[in-house]
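J.: What follows is a structure written as structure tokens; I'll ask about it next.
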Amino acid sequence: MMGQTISLFRFLLLGVINLRLFALVSILVIVAGLLSSFITELAIVNSDEIAAALLADMLRYSLVFLALLLVTTSVAQDFEFKQFERLLTMPISRWQYIAAQFLAIASISSILVLPVLPVISLTAGFDIAIYWTLALWLEVLLVGMLGLVAILALEKIPQAVFFSLAVYLLAKLSGLISQMLVESVKLSDGAATNRFADMVFNGILNLIPRLEAFAQNDVFFGSQNFAAMLMAQLGTVTLYTLFLLAVALIDFYRKEFNI
Amino acid sequence: MKRCARPLLQVPWLLLAGFFLLLLIQIAFHQSAITQKSISYRPLSIPFDASIYRGLAMGSEQLFSYLLAIRLQLHDNQAGRHIRYSQIDYELLVRWLDQIQALNPASEYPIMLASRVYSQTMDKARLRIILDYIDRIFMANPQLHWRHLAEATVIAKHRLGDLALALQMAQKLSNQPASIKMPAWARDIHLILLGDLNEYETAIAIIGGLLKSDAVSDPDEKLFLQEKLLYFQQKLSE
């Protein structure tokens with residue numbers, strides 16, 4: 001059973017890697033490097049730290065987007081080419097497909113994030129580079145899993161990408177949205193509609209990842225406890241990934257395929 | 001296979017005329033917008049509260065604060081021209097600096113912009129606003145900002161010509177507890193300013209007190225204070 005899952009994972013991974021991934025990542029790194037070096041010319045103080053932090057954030061957002069596109073395209077092709085129907089005629093369980101996809105996403109995340117290590121190492125030092133690479137791997141893995149759930153449920157790339165990005169941005173901007181809702185309740189003297197909106201958003205917050213699930217860019221500006229930050233992120237990402245796996249499995253087991 | 005195109009003259013003349021008219025309007029509109037943009041100074045917008053920027057930073061607060069500071073720094077360059085500092089609303093500028101500082105209290109960027117960039121204004125009212133800002137930020141974190149208050153003291157004395165203000169700021173430097181690490185010269189600025197204000201008796205009393213209390217351990221600083229003491233005593237006796 002494990003052998004079948006591994007074979008399936010290798011098949012899925014090959015399908016993704018054929019998309020000229022390395023060329024894309026190289027272009028991203030070069031563009032991000034050029035843009036961040038421009039900042040060095042503008043900043044009066046702390047220019048190296050600012051450039052390194054900007055480079056890291058640009059790489060973060062482009063790799064997250066790239067991972068999302070790779071995962072959703074790969075699963076969308078499986079839908080389009082009736083791969084699921086073919087797989088289900090073989091002695092393979094549905095959970096094995098999800099497990100293989102998880103392994104493929106973890107591998108894609110590693111392939112995407114690995115070039116970040118030497119790049120950040122050159123600009124900000126090795127210890128920060130190690131932290132950033134591991135933290136970014138966890139973040140890309142999380143978003144990749146989110147993309148898997150979205151594409152399995154929605155079956156179309158644009159919808160799945162928009163949904164995943166919406167959840168990702170909602171998680172990142174949750175502090176701001178919460179603050180705006182709290183202020184709106186205060187300004188409206190506790191109007192029922194504003195309180196209801198605040199309550200609904202607080203409910204939604206329970207279903208999206210917390211800010212600790214993402215790499216912390218502040219490490220570029222001062223000494224931090226990398227191990228503690230990584231452990232907190234690992235805990236949050238593990239829990240949320242398991243939750244997403246459960247959602248993906250339930251959705252996938254409910255799907256009807258015309259075999 | 002390439003598709004053949006009919007001659008341009010076969011297009012209805014009204015359509016052609018309409019096209020050329022719209023083309024001319026578009027060019028004129030674009031040019032007027034460029035001219036308008038190049039001659040008008042775009043003032044600073046009102047900053048949001050730091051908590052809004054914190055939310056917008058998506059977890060990268062420090063980087064965001066630096067990017068905001070760089071954006072503010074670039075405000076005096078518009079349409080390829082350097083804007084005079086007298087055109088900038090310094091009250092609004094200080095509000096921006098305050099929000100950026102609140103977003104990243106460990107940063108020296110906003111106070112550095114104040115002491116090195118925006119203090120270059122020739123307008124004394126604006127200079128006072130900037131010096132007041134530096135003074136206020138120094139009190140929030142003396143260890144981080146003492147250098148900028150020392151610079152502000154020099155600016156107040158030489159650029160603003162307000163010795164009383166310079167002395168007031170220098171005294172804040174010298175009154176800092178020993179736990180705030182700063183070089184002796186920073187603490188001694190107020191002694192020099194007292195001499196400039198002809199407050200020789202006060203200066204002699206302070207230096208004498210310092211030398212007697214063993215608060216000064218550095219031999220070079222001791223020598224400097226002894227020389228100053230002698231100089232002030234001579235001035236007083238003249």
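J.: Any idea how many residues of the stretch A:177-194 are farther than 30 Å from A:L66 by Cα, under 33 Å from the mean Cα position of the chain (by Cα) and either surrounded by 17 or more Cβ atoms within 10 Å (Cβ to Cβ) or of a type in the set (A, V, I, L, M, F, W, C) (or both)?
T.: Counting residues in the stretch A:177-194 that are farther than 30 Å from A:L66 by Cα, under 33 Å from the mean Cα position of the chain (by Cα) and either surrounded by 17 or more Cβ atoms within 10 Å (Cβ to Cβ) or of a type in the set (A, V, I, L, M, F, W, C) (or both) gives 5.
J.: Same structure, new question: Being acidic (D, E) and either buried (at least 17 other Cβ atoms within 10 Å of the Cβ) or in a helix (DSSP H, G or I) (or both), is that true of even one residue in the stretch B:45-52?
T.: So far as the stretch B:45-52 goes, no, none of its residues is acidic (D, E) and either buried (at least 17 other Cβ atoms within 10 Å of the Cβ) or in a helix (DSSP H, G or I) (or both).
J.: Can you pull out the residues in the stretch A:150-204 that are touching a Gly at 6+ places or on another chain (Cβ under 9 Å), within 14 Å of chain B (Cβ to nearest Cβ) and small (G, A, S)?
T.: Those that are touching a Gly at 6+ places or on another chain (Cβ under 9 Å), within 14 Å of chain B (Cβ to nearest Cβ) and small (G, A, S): A:S174, A:G175, A:S178.
Residue-by-condition table, conditions (1) modelled with pLDDT under 90; (2) farther than 14 Å from B:R95 by Cβ; (3) under 20 Å from the mean Cα position of the chain (by Cα); (4) within 11 Å of chain A (Cβ to nearest Cβ):
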position	(1), (2), (3), (4)
B:S32	yes, yes, no, no
B:S38	yes, yes, no, no
B:F48	no, no, yes, yes
B:G59	yes, yes, no, yes
B:Q62	no, yes, yes, yes
B:Y66	no, yes, yes, yes
B:A69	no, no, yes, yes
B:L72	no, no, yes, no
B:R81	yes, yes, yes, no
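J.: Please name all residue pairs, on different chains or six or more residues apart, with Cβ atoms under 7 Å, provided the first residue is in the stretch B:106-118 and is facing chain A (nearest Cβ under 10 Å) and the second residue is among the β-branched types (V, I, T).
T.: Pairs found: B:E108/A:V45; B:Y109/A:V45; B:M112/A:I44; B:M112/A:V45.
J.: Give A:V75, A:V64, A:V25 a once-over and let me know the one that is surrounded by 15 or more Cβ atoms within 10 Å (Cβ to Cβ), within 14 Å of chain B (Cβ to nearest Cβ) and over 30 Å from B:H75 (Cα atoms).
T.: When all the criteria are applied, what remains is A:V64.
J.: If you check A:I105, A:I130, which single one turns out to be over 22 Å from A:L205 (Cβ atoms), modelled with pLDDT of 90 or more and out of contact with any Gly (no Cβ under 8 Å at 6 or more places or on another chain)?
T.: A:I130
J.: Enumerate the pairs (first residue in the stretch A:238-257 and modelled with pLDDT of 90 or more; second residue anywhere and surrounded by fewer than 13 Cβ atoms within 10 Å (Cβ to Cβ)) with beta-carbon separation below 9 Å, excluding pairs fewer than 6 apart on the same chain, so at least 6 apart or on different chains.
T.: Listed by first residue and then by second, the contacts come to A:F243/A:L207.
J.: Does B:I137 satisfy being part of a helix (DSSP H, G or I) and touching a His at 6+ places or on another chain (Cβ under 6 Å)?
T.: Yes.
J.: Let me confirm something: among A:E41, A:E49, A:E80, which residue is in contact (Cβ under 8 Å) with a residue 12 or more places away in the chain and not aliphatic (A, V, I, L, M)?
T.: Being in contact (Cβ under 8 Å) with a residue 12 or more places away in the chain and not aliphatic (A, V, I, L, M) holds for just one of A:E41, A:E49, A:E80, which is A:E49.
J.: Also, quick follow-up: Residues that are of a type in the set (G, A, S) and under 17 Å from B:M58 (Cα atoms): does the stretch A:198-209 have at least one?
T.: So in the stretch A:198-209, the residues of a type in the set (G, A, S) come out as A:203.
This time we only want the ones that are under 17 Å from B:M58 (Cα atoms), so: none.
Checking the stretch A:198-209: not a single residue is of a type in the set (G, A, S) and under 17 Å from B:M58 (Cα atoms).
J.: I would also like to ask the following. Collect the residues in the stretch A:32-46 that are crowded, with 17+ Cβ neighbours inside 10 Å and either within 11 Å of chain B (Cβ to nearest Cβ) or in contact with a Ser or Thr (Cβ under 6 Å, 6 or more places away or on another chain) (or both), keeping them in residue-number order.
T.: Residues satisfying the conditions are A:S36, A:I39, A:A43, A:N46.
J.: Quick check: is even one residue across the stretch B:60-72 touching a Phe, Trp or Tyr at 6+ places or on another chain (Cβ under 9 Å), more than 25 Å from B:L173 (Cα to Cα), among the aromatic types (F, W, Y) and part of a helix (DSSP H, G or I)?
T.: Checked the stretch B:60-72: at least one residue is touching a Phe, Trp or Tyr at 6+ places or on another chain (Cβ under 9 Å), more than 25 Å from B:L173 (Cα to Cα), among the aromatic types (F, W, Y) and part of a helix (DSSP H, G or I).
J.: Then there is this: With respect to A:S174, is the statement that it is under 11 Å from the mean Cα position of the chain (by Cα) and more than 18 Å from A:L28 (Cα to Cα) true? Break it down stepwise before answering.
T.: Working: under 11 Å from the mean Cα position of the chain (by Cα): no; more than 18 Å from A:L28 (Cα to Cα): yes.
No; evaluated as a whole, the condition is false for this residue.
J.: Any chance you could count how many residues in the stretch B:83-105 are within 14 Å of chain A (Cβ to nearest Cβ) and loosely packed, with under 15 Cβ neighbours inside 10 Å?
T.: So the answer is 1.
J.: Take the residues of the stretch A:195-235 that are among the aromatic types (F, W, Y) and within 22 Å of A:I120 (Cα to Cα): which is surrounded by the most Cβ atoms within 10 Å (Cβ to Cβ)?
T.: If we take residues in the stretch A:195-235 being among the aromatic types (F, W, Y) and within 22 Å of A:I120 (Cα to Cα), then A:F220 is surrounded by the most Cβ atoms within 10 Å (Cβ to Cβ).
J.: Please go through the stretch A:205-216 and give me each residue that is within 14 Å of another protein chain (Cβ to nearest Cβ) and aliphatic (A, V, I, L, M), ordered by number.
T.: Going through the stretch A:205-216, the residues within 14 Å of another protein chain (Cβ to nearest Cβ) turn out to be A:205, A:208-216.
Matches in the stretch A:205-216: A:L205, A:I208, A:L211, A:A213, A:A215.
The values are calculated or read from the model by the stated rules, or taken from the named source; none is laboratory data. What you see is a predicted model, and the numbers here were worked out from it, not measured in a lab. Methodologically, a virtual Cβ is constructed for each residue, glycine included, from the backbone with ideal geometry; neighbour enumeration extends over all protein chains shown.
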